[in-house]
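Below: the structure, in structure tokens.
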Amino acid sequence: MGLKDLFNKEDKRQFAELIRPYCMTEPVQRLRQFPHHKKINRYDHALLVSYISFTLARRWCWDAQAAARAGLLHDLFFTECDNTWKLCMTHPETAAENAGRLVKDLSSKERNIILSHMWPAGRHLPRSREAWLVDMVDNFVTILDMTDRSPKWSCKLNAVMGAL
Ligand SMILES: [Fe+2]
Ligand SMILES: [Fe+2]
């Protein structure tokens, strides 16, 4: 299955319906101001992690809502990436705190997905299959970001989010 197969009409519709209210919030939109992994911004990175996690979880009948919401919020922090070990270790905790403030019904599973997304770095172990999934997808999207392959997918996704 290629990345292309993940962009079908039904996936896009369900994802947009679920995630759009969170995307439209000020804190999530503010992520556009922060460069992330070379040329991409943090919002586009988070949206792509969220979308791929959602579609895979949906295919496998896992908790697609948790994968999508936590995927979107996993990097909800507002400082520049300085590539230090300290930021690498602490930003999941900052993001979990910010996510809890933004989404009142954030579940403990979603909180753990955010906290553990840097595993094996960081202090938190993934405790659900969705947490392992988002951890892997974040790594995958990071490779796409660093090799300039993510902008074309981000373009598609931004069109999906804007189309509603
Ligand atoms: Fe992160
Ligand atoms: Fe990330």
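Nothing in this text is a laboratory measurement; each read-out follows from the coordinates by a stated rule. In this text the structure is predicted, and so the values were computed from the model without any measurement. Positions of Cβ are backbone-derived with ideal geometry, glycine not excepted, and every protein chain shown enters the neighbour counts.
Where the second residue is within 14 Å of ligand 1 (Cβ to nearest atom) and of a type in the set (A, V, I, L, M, F, W, C) and the first is part of a loop (DSSP other than H, G, I, E, B) and lies in segment 107-128, which pairs have Cβ atoms under 6 Å and are six or more apart or on separate chains?
Ser116/Ala131; His117/Val134; Ala121/Cys88; Gly122/Met89; His124/Leu115; Pro126/Trp119
Which one is surrounded by the fewest Cβ atoms within 10 Å (Cβ to Cβ) among residues in segment 93-118 that are of a type in the set (Ser, Thr, Tyr) and within 16 Å of ligand 2 (Cβ to nearest atom)?
Thr94
Would you pick out the residues in segment 29-48 that are in a strand (DSSP E or B) and either free of Cβ contacts under 8 Å to residues at least 60 places away in the same chain or over 14 Å from Asn83 (Cα atoms) (or both)?
Passing the criteria: Pro35, Ile40, Asn41.
For Trp62, all conditions in the list (1) closer than 28 Å to Phe7 by Cα; (2) in contact (Cβ under 8 Å) with a residue 40 or more places away in the chain; (3) assigned to a loop (DSSP other than H, G, I, E, B); (4) within 13 Å of ligand 2 (Cβ to nearest atom) hold save one; what is the number of the exception?
Single failed check for Trp62: (4).
Tell me, please, whether a residue that is of a type in the set (S, T, N, Q), within 19 Å of Leu31 (Cα to Cα), within 12 Å of ligand 2 (Cβ to nearest atom) and in contact (Cβ under 8 Å) with a residue 12 or more places away in the chain can be found in segment 135-143.
yes
Among Cys81, Cys88, which is hydrophobic (A, V, I, L, M, F, W, C), over 12 Å from the mean Cα position of the chain (by Cα), within 14 Å of ligand 2 (Cβ to nearest atom) and not in a loop (DSSP other than H, G, I, E, B)?
Cys88
Quick check on segment 65-78: of everything there that is more than 12 Å from ligand 2 (Cβ to nearest atom) and touching a residue at least 60 places away in the same chain (Cβ under 8 Å), which residue is farthest from Thr142 (Cα to Cα)?
Ala66
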